[in-house]
Amino acid sequence: MSEESPDDALAAAGYLDVPDDQGGRAARGWWDANAQEYLDEHGAFLGPADLLWCPEGLRESDAHLLGDVRGARVLELGAGAAQGTRWLRTQAGADGVATDVSAGMLAAARRLDAQTGTRTPLVQADARALPFASASFDVAFTAFGALPFVPDAARVHAEVARVLRPGGRWVFSVTHPVRWAFPDDPGEGGLTATRSYFDRRPYVEQAADGRVLYAEYHRTLADHVGDVVGAGLVVDGLLEPEWPAGHHRVWGGWGPVRGARLPGTLIVRAQRPPA
């Protein structure tokens, strides 16, 4: 019996090349089907109206990554149930709009609005083709939204650059690229690299007939920065939040064991150059 090759093992774990069109459209259906389950599991940590940047627990109320947004026109991409935009509108004085590709997530956002007595502008939209006029927002952001779920993230950055006004800010958080070299295990099993950092095959879940149900894409640090710069934006900050003492919550592959040794989140701040 022949031994399984490393490539075969990775394919069996879900790291597969799939057609870009299939991978790129899978997110809509997956989040429609799993919106409520996701919120049942993570909703208490996210809060109904709060801007949480990452599983490490960094919140905008402490980090101030967006700057002073009072009176600013702010766009959230991949907003999920719009907790971030809801907080910006009710607590930070912003004129915020939340977008997501998933009707299921936006339905959850409307339920949270009803529960909290708020009214959040919600738009169903693919972040690669935003239905807004050029130079119509002062700030854009996403916390683990949109970018991981498309094969062509450069299009997202290009759209953000288009809708930002000169001098406008773009902030996004994603899984730290180095994490992709390690198993998605929050314990000791997630501390040994088993995959090349440079292997850009996405993590894929498929139906029995081969249909792509879920796809999440890996980009290296240079890929992320290159996409931002390629869109005509200027990177002015990188943040790798440390795992805080006393924070014991496990979220997928994030937890205190790995968090003590490996970065889990990358946050990038960029700006459209002033006119």
Next on the checklist: Just the number please: accessible area per residue for the chain, 1.4 Å probe, all protein chains included, in Å².
Outcome noted: 45
Checklist entry - Which whole-angstrom value gives the distance between the alpha carbon centres of the stretch 191-227 and the stretch 36-111? => result 25
Item to check | Answer label for Cα extents along the principal axes in Å (calculated), chosen among (1) 67, 39, 37; (2) 90, 38, 33; (3) 49, 42, 33 | outcome: (1)
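Roughly to the nearest percent, how much of the accessible area of the stretch 198-275 is carbon and sulfur, given a 1.4 Å probe?
Using a 1.4 Å probe with all protein chains present, the stretch 198-275 comes out at 56 percent carbon and sulfur.
The values are calculated or read from the model by the stated rules, or taken from the named source; none is laboratory data. Since this is a predicted model, take the numbers as computed values, not measurements. These accessible areas exclude ligands, DNA and RNA; they are computed on the full protein's heavy atoms, side chains included. Shrake-Rupley method; radii C 1.70, N 1.55, O 1.52, S 1.80 Å.
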